[in-house]
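As structure tokens, the structure follows; a few thoughts come after it.
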Amino acid sequence: MKLEISLAKDAAVLAQRLCELERLQHPVWVFDLDNARILWSNESSLQVWQADSKEELLSRKMGTDMSVSVSERLNQYKTDFARDETAQFNEIWTMYPNGEPVTLNVVFSAYRLSPDRLCMFCEGVTEKAAGAETLRSSEALLHTSVHISLYSSAGTPLYRNPASRNVVSSATNKLQDHFVNPDLLRQLENPAEDEIQAITSVNTVNGVVWHDITARRCLDAVSGEAAWLISEVDVSKLKATEEHAQFLAEHDTLTKLPNRNYVSIYFQQQIDNVLTAGKSGGLLFIDLDNFKNVNDSLGHDAGDQLLVEVADRLRSLEKSQYSIARLGGDEFLLLINPIVSEQHLESIMQQIINVVSVPIILQGREVQVTPSIGVALFPDNGTQILDLMRHADLAMYHAKEAGKNDFAYFSKELSDAAESKMNLVSELRSALKGDQFETYFQPRVEVSSNSIVGAEALVRWNHPTLGQVQPGNFITACEESGLISELGKVVFKDAVVAQRIWAELGHDIRISVNLSPLQFNEEHLVDELLDIVKEHRGNPKKIELEITESVLLGHDRCTIDKLHRLVECGFEIAIDDFGTGYSNLAYLHRYPISCLKIDRSFINSMDSATPIIELIVSMAKLFDLYVVAEGVETPEQLEMLHKFYCQEYQGYLFHKPTDFKSFTALMSQHCNIAA
């Protein structure tokens, strides 16, 4: 009631002051910016606002159905008038009295009603000649969230739409005040092209944010002089997401140290810089002695806590010439560039031994682990990061064999010791010729029904003297020797045959087969796989090919084309061991992937890895992928997967990998899928 009385008094004052404007043919009115009400209008305004009388017009509460964009624009006028009462704004506005659109070219200026009351004087001219396109474009400029600005070639603002005005502290802010990047400003001052596109940081009322901008050279429609029309979209959230994804791709989720992906790129760059400067450096491979005992006795949570503590201790030693990373498990790398002297290097290693060996309290018990350190020098022991890692790894194992808690240098003798691996490769060649490899199958089980819905093909070596050899003892040798491709085709053939036979028995399940990076990169891979499917009358739609994240690391066109061709042929693509070092959100929509297999390390440490597992499942849902959890060994782990809505799992909880005959019998008890 008090407000209505106050507004009535204001209206009376205005009527007395502005009586000479009553006879104007075009509409004029005074708008109360504080209360969103018209305080005074002339007779011509009544027709514009479709009002029966001035009293009825002045009683309207215009803020009730006012859009957010209009409200923000009026607040911008209020701010600018408070700063400069001589300011004027001219815009095409479309009002909607009684739901009918009325378009005016309105001049807005400040009107001081009293020392404490600043209103807005509005003078309108009906836009009868404006076409539909003009009216709609004016409305679009008013309501769009895209920031549209027009600047003179000198950087003076000529126009800002509401979205643009909303992020700057003043309507008079120049282009030079807006952009943080001086290189972009130089481009605008001396343009080589008529259009400039960039994602850049800008100054706003909310601080420095990231905008995706497009700047086009044009002419000012009023003066005819050169100008820049600039459109901007706030991409700060996207930028933060990309940076976070990049961090996850290059850092270990547990310790937050750089991971193997980071090492392969940035350690090599640092090595090259040292060698270019004519200096030398060293790569230290650090492995924790007896770490497995901690995991076995206290559990994986305690083991993870220990790894985080060791990472922090190594980080405390870090200096500008050191770089520290975690490769995985209990393995760490420290790159020293450059080495000042042999004494300097050995003092660093002694510091590592000292800080790592300090006991830690885990679950109320004092635990002590010690480090074994292998050293590879560059350029003496190699210049490529992979070679140096291999040599430092050999030296580390030598330090373990010598008694642990010590360091050892790579030498030719250690290299010679690797000759035994050559003997293994020779045996593997004979095994391939002698048909000593057998394909086992591990069930893939539906979480909701606990029935078999698929299988993963896994290889075993029936050694003539050693008995059955697990793949962990020979796969690396196969990869290093190039035999992995031939072995992979043997397993793929067995999987195709098994799929066909089981389908004929009424169990038309999907079988997944691992493809090593070496095998995937073969030029004729797709044709060879299709030949095997055709020869053995298999169904490619029931074959899933598992690749590791490292295959996708390069993002090259050849990889993309090959994946698409495989999918076009009917195969499905799964990412094996997802989240173990090369994770990048970008490839989930860039590549034709249908399945993510959560690495068993996350399942083994499910309590601490819960946020990661939930993130993976959420991403999978977002990109319409299904999720398989590997290494499920306990009912508690399975129960958690129920809560996460994970579709499938595999692991010893349900069944170990078994041979073809045993798996066939197993399906008759647990498989609900019929042909």
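The values are calculated or read from the model by the stated rules, or taken from the named source; none is laboratory data. This structure is a prediction, so every number in the text was calculated from the model and none was measured. No Cβ is skipped: glycine too gets one built from the backbone with ideal geometry, and neighbour counts run over all protein chains shown. All accessible areas refer to the heavy atoms of the entire protein, side chains included, with ligands and DNA or RNA removed. Shrake-Rupley method; radii C 1.70, N 1.55, O 1.52, S 1.80 Å.
Table for the structure above
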read-out	value
Any hit, the range 439-447, residues being part of a strand (DSSP E or B), among the hydroxyl-bearing types (Ser, Thr, Tyr) and over 38 Å from the mean Cα position of the chain (by Cα)	no
Some residue of the range 147-159 being at pLDDT below 80, surrounded by 14 or more Cβ atoms within 10 Å (Cβ to Cβ), more than 20 Å from Val48 (Cα to Cα) and not hydrophobic (A, V, I, L, M, F, W, C)	no
Residue match in the range 381-399 (condition: in contact with a Leu (Cβ under 7 Å, 6 or more places away or on another chain), of a type in the set (Val, Ile, Thr) and assigned to a helix (DSSP H, G or I))	no
Only listed residue being open to solvent by 80 Å² or more (accessible area, probe 1.4 Å) and either at pLDDT below 95 or within 16 Å of Phe332 (Cβ to Cβ) (or both), chosen from Lys400, Lys404, Lys412	Lys412
Residue match in the range 528-544 (condition: within 28 Å of the chain's Cα centre (by Cα) and open to solvent by less than 10 Å² (accessible area, probe 1.4 Å))	yes
From the options Ser411, Ser426, residue that is within 26 Å of Pro471 (Cα to Cα) and of a type outside the set (Phe, Trp, Tyr)	Ser426
Selection from the range 1-22 of residues that are farther than 15 Å from Lys61 by Cα, aliphatic (A, V, I, L, M) and modelled with pLDDT of 70 or more	Ala12, Leu14, Ala15, Leu18, Leu21
Filtered residues of the range 598-614 (kept if under 15 Å from Gln650 (Cβ atoms) and open to solvent by less than 30 Å² (accessible area, probe 1.4 Å))	Ile598, Asp599, Phe602, Ile603
Failed item, numbered, when Asp556 is tested on (1) open to solvent by 40 Å² or more (accessible area, probe 1.4 Å); (2) over 25 Å from the mean Cα position of the chain (by Cα)	(2)
Some residue of the range 609-620 being closer than 21 Å to Gly299 by Cβ, of a type in the set (S, T, N, Q) and in contact (Cβ under 8 Å) with a residue 12 or more places away in the chain	yes
Residue list for the range 376-395, restricted to those being among the aliphatic types (A, V, I, L, M), over 14 Å from Asp287 (Cβ atoms), in contact with a strand residue (DSSP E or B) (Cβ under 8 Å, 6 or more places away or on another chain) and open to solvent by 20 Å² or more (accessible area, probe 1.4 Å)	Leu377
Selection from the range 6-29 of residues that are open to solvent by less than 50 Å² (accessible area, probe 1.4 Å) and in contact (Cβ under 8 Å) with a residue 40 or more places away in the chain	Leu7, Asp10, Ala11, Leu14, Pro27, Val28, Trp29
Qualifying residue in the range 291-300 (condition: open to solvent by 10 Å² or more (accessible area, probe 1.4 Å), of a type outside the set (Phe, Trp, Tyr), at pLDDT below 95 and under 29 Å from the mean Cα position of the chain (by Cα))	yes
Total residues in the range 237-250, condition open to solvent by less than 30 Å² (accessible area, probe 1.4 Å) and either in contact with a strand residue (DSSP E or B) (Cβ under 7 Å, 6 or more places away or on another chain) or in a strand (DSSP E or B) (or both)	1
Residue under evaluation His642, criteria (1) farther than 22 Å from Ile575 by Cβ; (2) surrounded by 14 or more Cβ atoms within 10 Å (Cβ to Cβ), criterion not met	(2)
Ser201 vs. criteria among the small types (Gly, Ala, Ser), open to solvent by less than 80 Å² (accessible area, probe 1.4 Å) and not in a loop (DSSP other than H, G, I, E, B)	yes
Scope the range 519-543; condition among the aliphatic types (A, V, I, L, M), in contact with a strand residue (DSSP E or B) (Cβ under 9 Å, 6 or more places away or on another chain) and assigned to a helix (DSSP H, G or I); matching residues	Leu529, Val533
Sole exception among (1) modelled with pLDDT of 80 or more; (2) outside any helix (DSSP H, G or I) for Asp177, by number	(2)
Leading residue by the ranking (most open to solvent (accessible area, probe 1.4 Å)) among those in the range 31-46 that are polar (S, T, N, Q) and in contact with a strand residue (DSSP E or B) (Cβ under 9 Å, 6 or more places away or on another chain)	Ser44
Where Cys218 falls short, out of the listed (1) touching a Leu at 6+ places or on another chain (Cβ under 7 Å); (2) surrounded by 13 or more Cβ atoms within 10 Å (Cβ to Cβ)	(2)
Residues of the range 108-143 classified as at pLDDT 70 or above, among the aliphatic types (A, V, I, L, M) and open to solvent by less than 40 Å² (accessible area, probe 1.4 Å), total	4
For Leu317: the one exception among (1) at pLDDT 90 or above; (2) within 25 Å of His398 (Cβ to Cβ)	(1)
Qualifying residue in the range 451-462 (condition: open to solvent by 30 Å² or more (accessible area, probe 1.4 Å), free of Cβ contacts under 8 Å to residues at least 60 places away in the same chain, in a strand (DSSP E or B) and not basic (Lys, Arg))	yes
Selection within the range 320-371 - closer than 30 Å to Gly579 by Cβ, part of a loop (DSSP other than H, G, I, E, B) and without any contact (Cβ under 8 Å) to a residue 40 or more places away in the chain	Gly329
Output for the range 476-515, where each listed residue is closer than 21 Å to Gln436 by Cα, out of contact with any strand residue (DSSP E or B) (no Cβ under 8 Å at 6 or more places or on another chain) and not in a helix (DSSP H, G or I)	Gly482, Leu483
Whichever residue in the range 251-278 is touching a residue at least 60 places away in the same chain (Cβ under 8 Å) and outside any helix (DSSP H, G or I) and, among such residues, is surrounded by the fewest Cβ atoms within 10 Å (Cβ to Cβ)	Ala277
Hits in the range 356-366 - residues which are within 18 Å of Lys404 (Cβ to Cβ) and open to solvent by 40 Å² or more (accessible area, probe 1.4 Å)	Val358, Pro359
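Listed here are the residues, each with its yes/no results for (1) touching a helix residue (DSSP H, G or I) at 6+ places or on another chain (Cβ under 7 Å); (2) among the hydrophobic types (A, V, I, L, M, F, W, C); (3) modelled with pLDDT under 85.
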| site | (1), (2), (3) |
| --- | --- |
| Leu563 | no, yes, no |
| Glu568 | no, no, no |
| Leu585 | yes, yes, yes |
| Ala609 | yes, yes, yes |
| Leu622 | no, yes, yes |
| Ala629 | yes, yes, no |
| Met640 | yes, yes, no |
| Gln647 | no, no, no |
